[in-house]
Amino acid sequence: MPNPYFQFKEFTIYHDRCAMKVGTDGVLLGAWADVSGKTTALDIGAGSGLISLMLAQRNSLLQIESLEIDPSAAEQAQENIRNSLRFAGQITVHCADFTQWGKESPRKYDLIVSNPPFFKNSLKSPSIERTAARHGDNLDSGTLIGLGASLLADEG
């Protein structure tokens, strides 16, 4: 049986209650996103909180808002962040639908990241949570890009 967690150098990610587990794409996004000179960030579809924690680890001045629509994943992200004491003050988790939350948010962000659903015409999982995490049914790429662009700061 695989571990319910993934150990990084400075934090541990539990992902047993998340539809999508820690994977190469999330790790690479967290490592490659340019955080230099940034002070605010938005992580759309935060899942376990992996990318938010990686960004916080790379920039101690970065304040991150993490959005996750799935209540179980949002709760696990909050626990992962709370257990990562060094980064807990940098990250706030919201259990929210980005399509609604983004329309109401008065904030602008220097950086917006997302590891979005990317399966279009493939077989869907019997798990509602996994289907939502893997397919663009609830958040299509046009909405993600359009609404995301409206939340970017001028220099973002």
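When only alpha carbons are used to place a centre, the range 1-24 and the range 75-100 end up 15 Å from one another. Between Gly49, Gly23, Gly89, the GNM of the chain built on Cα springs shorter than 10 angstrom shows Gly23 fluctuating the most. Build a GNM of the chain with springs between Cα atoms under 10 Å apart, and of Gly142, Gly102, Gly47 the one that fluctuates most is Gly142.
Scattering from the chain was approximated by placing one identical point on each alpha carbon and applying the Debye formula without solvent; log10 I(q)/I(0) at 0.09, 0.12, 0.19 1/Å stands at -0.26, -0.47, -1.22.
Taking only DSSP H segments of four or more residues, each worth -39500 (n - 2.57), what value at 222 nm results for the chain once the sum is divided by all its residues, to the nearest 500 deg cm²/dmol?
The helix-only estimate for the chain comes to -10500 deg cm²/dmol at 222 nm.
For the options Ser48, Ser141, Ser105, a Gaussian network treatment of the chain with springs between C-alpha atoms closer than 10 Å singles out Ser105 as fluctuating the most. In the chain, a dipole from Cβ-located charges (positive for Lys and Arg, negative for Asp and Glu) runs towards its positive end, and of Leu152, Gln100, Tyr5 it is Tyr5 whose Cα lies farthest in that direction. Taken about its Cα centre, the chain carries a charge dipole of about 280 debye when Lys and Arg each add +1 at the Cβ and Asp and Glu each add -1 at the Cβ.
Normalising the average separation of contacting C-alpha pairs (under 8 angstrom, six or more residues apart) by the number of residues puts the relative contact order of the chain at 22 percent.
Throughout, read-outs are computed from the coordinates displayed, never taken from laboratory work. On a predicted model such as this, the values are computed, not experimentally measured, just so you know. As a convention, Cβ positions derive from the backbone with ideal geometry for all residues, glycine included, and neighbour counts pool all protein chains shown.
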